[in-house]
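Working notes for the structure below.
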Amino acid sequence: MPKPEANIFWKEGQPYSTQYEDVYFSSDSGIDETEYVFIQHNQLEQRFKALPQNQFTIVETGFGTGLNFLCAWALWDKTAPKHARLNFVSTELHPLTASDLSIALKLWPSLENYAQQLIAQYQNILPGMHQLAFSQDRVNLTLLIGDVTETLPTLHASVDAWFLDGFSPAKNPQMWQTDLFSTMANISHADTTFATFTSAGVVRRGLQAAGFEVQKAAGFGKKREMLFGQFSVIGLANNKASSKPKIYKKQTAIVIGGGISGTTTSYALAKRGLQVTLIERHKALAQEASGNPAGVLYPRLGNPQDKLSQFALAGYLYSLRLLNQLNLSQEHYQTCGVLQLAFNAREQARCDSAITQGLPDSLLKQVNQDEASTLACVDLNAGGIFFPTAGWVNPSAWCTALTKHENIKIKTSTQAIRIIRTGDVWQVLDRQNCIAEADIVILACAKDVVQFEQSSHCVMQTVRGQVTLVPSTSASEQLRTVVCSEGYITPTHQQMHCLGATFSTDDHALDVREADHLHNLGILQEISPALYDSLKPQALKGRVAFRSTTKDYFPLLGPLLDAKQLNANPPRYNDNPCTLPWLDGLYVNAGHGSKGLISAPLCAEVLASIICGEPVPIAKSLMSAIEPNRFALRALGLKLMASHIYDQSIQ
């Protein structure tokens, strides 16, 4: 169940936490306190001006009103190089409601421009990780909602500066624990600094025990003293931290595959400043599964403890935010809502389980048969769950919008046959010549991934799917939502409904079949006999595409191992994953099956974060679940290693 939202009351115009009986910021001046404690004592202005690499990472304990983030963002805009990116990660157990956040941020008119941008994206802030992007993707805010002792250890990052700003140790002792300081040490490096408003002995001793050098300074306002300092040589010797922050110098990338995986990957890398060459074998983008006229955008949820359900929800929320950023027209993207019907006992149990996640009605609500029929504006045979912000999108239009970036060059009608490593670069070749070369290569070409020697160990299954396009009628045009059971039907668009899709394994034929049309229409008849009867299934059109999935239904995402070396010299179960035979600069983003619209964009962002050394926007346990070499490792009896491969940095 979600943690409760913050309970506050307004005391002399400022927010006051009733849960912790403490203020959110100094009554003297919140901005001045942030500037003095966190900006000055982490030397941020000087460090922003002289960055040794293209990004900087701050982690904060206690997001509160977002004041510290806004101040860091404003300073970044003013002082940092224009090509660099700020990654700001903040934990919060009790997030403010959007309305309370809006009221609080009105206290600082000088930050109004930044505050309004934050408020616009501050939606559906649920337990877990959420990534918000600002300043043309130069500033990333990652919110970790939940108990800091549980959420922070899931973060895969290398931290440059810490803002320790939870409620005071006397009011909130649960946060200021040994585990917090140990986790800090594990993701710090020799140049990592920290600052905190408190000088409590438990904090000072905890930081010192974890390996931080601690100094005292005069406190702000009524506070007598505060603490600040830096990670120490002793800390480096005793923890997993790196001796120096990694400097990522990769500047060029090749992405093979022009579907939703390839285009989202290209976009994620391009917005980080990499020069991307996107290679597509067809004459245009999105000609395979991403070429269907409409894709349903919703998460298949179940048990909230299930990783697949967690991954689906995270991907769904990320896709919604990305689509809002791209601002596709209603011609190509509609949030008409999606009804997932509980059409049998098993689906009813799954829907019931999804409801236990306690998501707000704005995201998910349970509906009976009558309520579902009212929402859809047609008679339905079952109730289920309704996703108000879900809908359908034209994948081809999405792919096109993603590639309209100055750092992306597209090569269509180009067949990638081989990839080879030459010196410090990768080369992609057709049958005779080098097509392109770059620092890194990402394979995002679905079933064709296994055709390359270096990725032939990526186990996937190819599934044939046929969609049916049915002309709408005056009666069927009343349908207002997407309706899903074993298949789906979309509302009318350009006088057509899209029904789909069949699911056929070990079938590689591209012909459009009458039997498959009848299958899709049969599912529609089960969903709504009235809607089925209203249609005139004549002059049906259809399209066949192939979806690649895995046996555990998680995609394949991340850096690739040299499978030949791995099998020739199998590691021990307790070896450090860093010592495995990684193929430097070679990655994969594939195996998304029928859920690519909600999994591929998030995976692209995860992959770009890994490549560029940024905080990754999903938990380490989910990173291991989608790790592309997991089946090869499990085959060698290394299931435990595969499950914990991201406990340490491998790139």
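Scan L132, L144 and give me the residue that is among the aliphatic types (A, V, I, L, M) and more than 24 Å from Q177 (Cα to Cα).
Sole residue among the options that is among the aliphatic types (A, V, I, L, M) and more than 24 Å from Q177 (Cα to Cα): L132.
Count, please, the residues in the stretch 554-578 that happen to be touching a Pro at 6+ places or on another chain (Cβ under 7 Å) and part of a helix (DSSP H, G or I).
So the count comes out to 2.
For A289, state whether it is modelled with pLDDT under 95, closer than 21 Å to V467 by Cα, of a type in the set (G, A, S) and open to solvent by 20 Å² or more (accessible area, probe 1.4 Å).
Yes, satisfied.
Of all the residues that make up the stretch 474-518, how many are of a type in the set (V, I, T) and either more than 19 Å from C336 (Cα to Cα) or in a helix (DSSP H, G or I) (or both)?
3
Let me confirm something: among N140, N113, which residue is open to solvent by 30 Å² or more (accessible area, probe 1.4 Å) and either under 21 Å from L75 (Cα atoms) or touching a helix residue (DSSP H, G or I) at 6+ places or on another chain (Cβ under 9 Å) (or both)? Break it down into steps so the answer makes sense when it comes.
Details: N140 fails: open to solvent by 30 Å² or more (accessible area, probe 1.4 Å).
Step by step, each of N140, N113 is checked, and only N113 is open to solvent by 30 Å² or more (accessible area, probe 1.4 Å) and either under 21 Å from L75 (Cα atoms) or touching a helix residue (DSSP H, G or I) at 6+ places or on another chain (Cβ under 9 Å) (or both).
Could you please find all residues in the stretch 69-100 being open to solvent by 10 Å² or more (accessible area, probe 1.4 Å), of a type in the set (S, T, N, Q) and either at pLDDT 95 or above or over 24 Å from E5 (Cα atoms) (or both)?
T79
State all residues of the stretch 65-106 that are of a type outside the set (S, T, N, Q), under 13 Å from L143 (Cβ atoms) and touching a residue at least 40 places away in the same chain (Cβ under 8 Å); if no residue qualifies, say none.
Across the stretch 65-106, the qualifying residues are G66, F69, F88, V89, E92, L93, H94, P95, L96.
Tell me, which strands (runs of 3 or more DSSP E) lie completely within the stretch 2-116 with 3 or more residues that are over 26 Å from L152 (Cβ atoms)?
Ranges flagged: 8-11.
Take S261 and decide whether it is in a helix (DSSP H, G or I), in contact (Cβ under 8 Å) with a residue 24 or more places away in the chain and in contact with a Gly (Cβ under 8 Å, 6 or more places away or on another chain).
On the way: in a helix (DSSP H, G or I): yes; in contact (Cβ under 8 Å) with a residue 24 or more places away in the chain: yes; in contact with a Gly (Cβ under 8 Å, 6 or more places away or on another chain): yes.
It is true that S261 is in a helix (DSSP H, G or I), in contact (Cβ under 8 Å) with a residue 24 or more places away in the chain and in contact with a Gly (Cβ under 8 Å, 6 or more places away or on another chain).
Would you check which residues across the stretch 413-444 are open to solvent by 50 Å² or more (accessible area, probe 1.4 Å), in contact (Cβ under 8 Å) with a residue 60 or more places away in the chain and among the hydroxyl-bearing types (S, T, Y) and list them?
Within the stretch 413-444, just S413 meets the criteria.
Please tell me if T151 is in a helix (DSSP H, G or I), buried (at least 19 other Cβ atoms within 10 Å of the Cβ) and not charged (D, E, K, R).
Against the criterion (in a helix (DSSP H, G or I), buried (at least 19 other Cβ atoms within 10 Å of the Cβ) and not charged (D, E, K, R)), T151 qualifies.
One line per residue, one yes/no per condition, for (1) open to solvent by 10 Å² or more (accessible area, probe 1.4 Å); (2) assigned to a helix (DSSP H, G or I):
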site	(1), (2)
C336	yes, no
R350	yes, yes
P360	yes, no
L363	no, no
A372	no, yes
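Residues being open to solvent by 30 Å² or more (accessible area, probe 1.4 Å) and not in a loop (DSSP other than H, G, I, E, B): count how many of those fall in the stretch 268-286.
The qualifying residues number 1.
Report the residue count in the stretch 218-239 for those that are modelled with pLDDT of 95 or more and over 23 Å from A72 (Cα atoms).
Final tally of qualifying residues: 0.
Checking the conditions here, which among Q215, Q208 is open to solvent by 20 Å² or more (accessible area, probe 1.4 Å), in a strand (DSSP E or B), of a type in the set (S, T, N, Q) and modelled with pLDDT of 95 or more?
On inspection, the qualifying residue turns out to be Q215.
Can you tell me how many residues within the stretch 178-205 are more than 29 Å from the chain's Cα centre (by Cα) and either on the phi > 0 side of the Ramachandran plot or part of a loop (DSSP other than H, G, I, E, B) (or both)?
The total comes to 4.
Taking only the stretch 452-468 into account, find how many residues are in contact with a Leu (Cβ under 9 Å, 6 or more places away or on another chain) and either surrounded by fewer than 24 Cβ atoms within 10 Å (Cβ to Cβ) or farther than 26 Å from I385 by Cα (or both).
Here the count works out to 8.
Quick check: anything in the stretch 614-626 of a type in the set (S, T, Y), open to solvent by 20 Å² or more (accessible area, probe 1.4 Å) and in contact (Cβ under 8 Å) with a residue 40 or more places away in the chain?
Yes: one or more hits.
Go through the stretch 527-553 residue by residue and tally those that are open to solvent by less than 20 Å² (accessible area, probe 1.4 Å) and in a loop (DSSP other than H, G, I, E, B).
Total satisfying the criteria: 3.
Could you run through the stretch 474-526 and say how many residues are closer than 16 Å to A382 by Cα and buried (at least 18 other Cβ atoms within 10 Å of the Cβ)?
Number satisfying all stated conditions: 11.
Take the stretch 124-146 and flag every residue that is in a loop (DSSP other than H, G, I, E, B) and among the polar types (S, T, N, Q).
Result: N124, S135, Q136.
Would you say L583 is assigned to a helix (DSSP H, G or I) and modelled with pLDDT of 95 or more?
no
The values are calculated or read from the model by the stated rules, or taken from the named source; none is laboratory data. These figures come from a predicted structure and were not determined experimentally. Backbone-built Cβ (ideal geometry, glycine too); neighbour counts: all protein chains shown. Surface areas here come from the heavy atoms of the whole protein model, side chains and all, with no ligands, DNA or RNA. Shrake-Rupley method; radii C 1.70, N 1.55, O 1.52, S 1.80 Å.
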